[in-house]
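A short write-up of the structure that comes next.
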Amino acid sequence: MNEIVCQNMCIDFPIFEKVLIKKNRFQKKYSIPSVSALDCINLSIDKGERVGLLGRNGSGKTTLLRTLAGVYAPQKGTININSSVTSLFEAAVGMDQNANGYQNIPLLMALRQIPQSKYNEVVADVEEFTELGEALHRPVRTYSQGMRLRLSFTIATFKQDNEIILIDEIMGAGDKKFKFKSKKRIDNLIGKAGTLVLASHSTDVLKTYCSRGILFKKGKIIFDGCIDEAIAIEN
């Protein structure tokens with residue numbers, strides 16, 4: 001069963017620098033140059049697949065993930081997603097820097113579409129997993145980057161029944177001990193996911209979590225097949 005289907009999907013990003021805006025003398029109007037981030041993508045992902053996205057920076061991996069997450073809308077073509085989606089990237093977005101840790105919890109829950117009825121469960125999870133202690137009573141602006149990431153990461157990975165999970169690089173947060181805890185949490189999250197789409201530059205990560213590899217170059221898919229073959233071609 002197809003959970004994700006993209007047909008002739010294109011994403012272009014306009015370039016708004018004034019020097020690059022050209023006037024068309026025949027049509028008497030200005031045209032804005034753009035760069036193609038995804039170029040005519042045709043892709044289907046079945047339920048239960050573990051898909052790794054490969055390619056250099058700027059090749060289209062993150063743009064595809066954000067399109068699947070609903071951040072971007074295709075200018076051309078279609079995209080159909082037949083299950084619920086949870087994205088695990090840009091974890092620190094959505095915080096109120098002047099509010100304390102506890103006050104940020106419902107904000108981050110709303111961002112992650114976690115029902116407010118689970119507020120008490122999330123609070124207990126945050127208190128236990130982040131190990132932030134009394135810092136949860138302090139304004140987030142006083143937190144280190146690692147402390148903010150602990151808070152947002154914990155809520156982003158709160159246990160839910162996720163049918164499709166999108167991950168842009170495996171995240172680690174804090175010291176060695178906490179990174180180990182984070183990896184175990186992500187492993188559990190991925191294990192329970194129906195379908196996984198993961199972008200990474202790490203060969204070890206891709207081989208650990210994915211069986212299918214899709215290699216991007218300049219916004220196009222240049223290979224789609226076994227993860228080992230995709231890694232070999234990229235290298």
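Structure values in brief
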read-out	value
Entry for volume of the Cα convex hull per residue in Å³ (calculated from the structure that is shown) out of (i) 163; (ii) 132; (iii) 175	(i)
Two-site label geometry, His137 and Tyr102: point separation in nm, points 7 Å out along Cα→Cβ	0.8
Within the chain, longest stretch free of exposed chymotrypsin sites (Phe, Trp or Tyr not before Pro) [DSSP loop, at most 12 other beta carbons within 10 Å]	27-235
Considering only the chain, percent of DSSP beta bridges that pair antiparallel, nearest 5	60
Backbone N within region 180-196 under 16 Å of label point (7 Å from Glu169 Cα along the Cβ vector)	183
In order through region 61-73: 3J(HN,Hα) via Karplus (6.51 cos²θ - 1.76 cosθ + 1.60), integer Hz, x for Gly, Pro	4, 5, 4, 5, 4, 5, 5, 5, 7, x, 6, 10, 10
Relative contact order for region 70-211, counting Cα pairs under 8 Å that sit 6 or more residues apart, in percent	27
Whole-Hz ³J(HN,Hα) from phi, Karplus 6.51 cos²θ - 1.76 cosθ + 1.60, for region 104-120, glycine and proline x	7, 4, x, 5, 6, 5, 5, 4, 8, 6, 8, x, 5, 5, 9, 3, 4
Filtered trypsin sites (Lys or Arg not before Pro), region 168-235: DSSP coil and at most 15 other beta carbons within 10 Å	Lys218
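All of the numbers you see were taken from the coordinates with simple rules; none came from a lab. Bear in mind the structure is a predicted one, so any value in this text is a computation, not a measurement. Cβ coordinates were reconstructed from backbone atoms using ideal geometry, including for glycine residues, and neighbour counts include every protein chain displayed.
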